[in-house]
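Bear in mind these aren't lab numbers, they're just calculated from the coordinates by the rules spelled out. Since the structure is predicted, the reported quantities are computational estimates derived from the model, not experimental observations.
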Amino acid sequence: MRCFEAMGAGALLLTDAGNYPPGMVDGRAMSVYADAKVAVGLIEKSLSDGSWRNIAAASHSMIR
């Protein structure tokens, strides 16, 4: 449920690696991490380069 809440709100979905429904693709509709170090790196990168905006917008459009 948290996945759809984040996507519906237009926020970046940053989640652990796993099995997700079609359309939920890493780098397009969400950002996936394998461990805490990778998660921190993704957060820092997404905030510094603004890449979270495009991913969040794409996932929000998909949910709508």
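Diffusion of the chain by Stokes-Einstein, at 10 °C in a medium of 1.306 mPa s and with Rh set to the Kirkwood radius over alpha-carbon pairs, works out to 137 µm²/s.
Near the amide H of Leu14, within less than 5 Å, lie the amide hydrogens of Ser31, all on another chain or at least 5 residues away, with H placed in the peptide plane.
Helical content alone sets the calculated 222 nm signal of the chain at -17000 deg cm²/dmol, taking -39,500 (n - 2.57) per DSSP H segment of four or more residues and averaging over every residue.
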